[in-house]
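Chemist: First, the structure itself, so that you have it in front of you.
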Amino acid sequence: MAVLGQQAVSAPSIRLADRAYVAWSAVAFAYAIAFLQRMSPQTVGLSFMRDFGTDASGVAMLASSYFWGYTLMQIPAGLLVDRYGVKRVVLCSMAASVIGSFAFALAPTLPTVFIARLIVACGDALVFTALLKLVAQSFSDERFGLMSGISQVSGYAGGVVATTPLAAAVSGFGWRACFIVIACVGLANLGCAAVALRATPANHNAKTLTSVLQASWLALGSAANWGCAMSFASHFAVVTTLAGVWGIPMVSHYFGISPSAAGGPLLAFMVGNAVGSIFLGHAADRTRSLDTALIRISLLRMLLVAMLMPAIAHTFGLLYVGVVFAVLGLVAGGTVPLILKCTKHLYTAERIGVGASINTTSAGIFAGLAQPVIAFAMVAASGLHTGPDTKLHAVANDAGYATLIAILLLMSLPGILGPLMMRRKLILGKQA
């Protein structure tokens, strides 16, 4: 009888565990699509410029519209997930992404492109916070680091698709057809998530939007929390600007190769991201001094970015650039678990949604403001805006990309200051 009782208890728990993984897979897949959307401007940029008769400012608009939509929804993301639960938020998020993707694929003018990308970004903005919340609810604390790291890898998988595979698909079928397919895949995943995710329990309504908003307001008064936000914003803006907007055009220009071929180093970057998230994320669980580790990894990222200067890249060739991007991916992948670890220490597991929202909002504002400035500086340094014979398909020359690298190095500085602002609170947290 005892054996039968044991079997009766274990069978439902196994089924619950299986359902947790299925639900996690659906939301992780949505995050992969969101990451693909974020990284796509570099891949479709040249085709986009040709079809709409624009220049680098058009690509910057494409990237900036996504960052602004992503940013506008970050604080609401944490509030909505904490108040209404993962399922309702994720389903609304997926629906917005699907609608925006269809609208982007069919957009006839630049203003409609901006609106469509804004809709996509508003939907995608909810996914990562919901995914973190789902991991915290579905898996034990001892597995939070591993599952959050693997969750990040799911995004990098979407980033991998946004490099060489998407570039090849765009070359063969056009960017509009590709985004119609992306929308259809998102729609199918929406159906899977609707079945796999459990409904929010009735007693979840104990929290109110007011209480969660108050927690967010109190968090904004802490210098340590701002240091955490600065660290993430610096990392996000630098890495996304380089690998998600200008990476493929830069490599294509350096070596006179097609965007599809130029996707190779960016593919290496995304693979490095995945490896770094798992292995360096595992090491982060054993790191005693998170602030020192973040400073060191920020300095290493700056060195790697500087190694992509045009003169150095021309000297050492395409293989060298591919290796630099791969190592940069390892560093970027290892940075995120460190920041998530700091976020959990500063905000506690109870308010990690608020912390994630503040971090990503800061990152979106920083990245969104940076894109037009970077585009203007690149065009000005390249001299492509002058003269009647300007070629619209040319994004920038060596001077323009040198300016890009210099700006990225300046944008990296908050990643060094941020950990210093967190240091005291992290030490007190360990002592407690």
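The values are calculated or read from the model by the stated rules, or taken from the named source; none is laboratory data. Predicted model only: the values in this text are computed from it and were never measured. Virtual Cβ from ideal backbone geometry, glycine too; neighbours counted across all protein chains shown.
Chemist: Could you count how many residues in segment 268-296 are assigned to a helix (DSSP H, G or I), of a type outside the set (S, T, Y) and over 20 Å from I150 (Cβ atoms)?
Modeler: Here the count works out to 7.
Chemist: Considering G85, G69, G100, G53, which residue is buried (at least 20 other Cβ atoms within 10 Å of the Cβ) and at positive phi?
Modeler: The match here is G85.
Chemist: Now a separate question. Could you pull out the residue among G123, G158, G145 that is at pLDDT below 80 and either assigned to a helix (DSSP H, G or I) or within 22 Å of F236 (Cα to Cα) (or both)?
Modeler: Sole residue among the options that is at pLDDT below 80 and either assigned to a helix (DSSP H, G or I) or within 22 Å of F236 (Cα to Cα) (or both): G145.
Chemist: Within segment 264-283, can you find the residues that are touching a Pro at 6+ places or on another chain (Cβ under 8 Å) and surrounded by 24 or more Cβ atoms within 10 Å (Cβ to Cβ)?
Modeler: The answer is S277, G281.
Chemist: Here is a further query. Out of Y66, Y70, Y84, I need the residue that is out of contact with any helix residue (DSSP H, G or I) (no Cβ under 6 Å at 6 or more places or on another chain) and of a type in the set (S, T, Y). Which one?
Modeler: Y84
Residue-wise test of (1) within 19 Å of S258 (Cα to Cα); (2) modelled with pLDDT of 90 or more.
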| residue | (1), (2) |
| --- | --- |
| T164 | yes, no |
| G172 | yes, no |
| C184 | no, yes |
| A188 | no, yes |
| N203 | no, no |
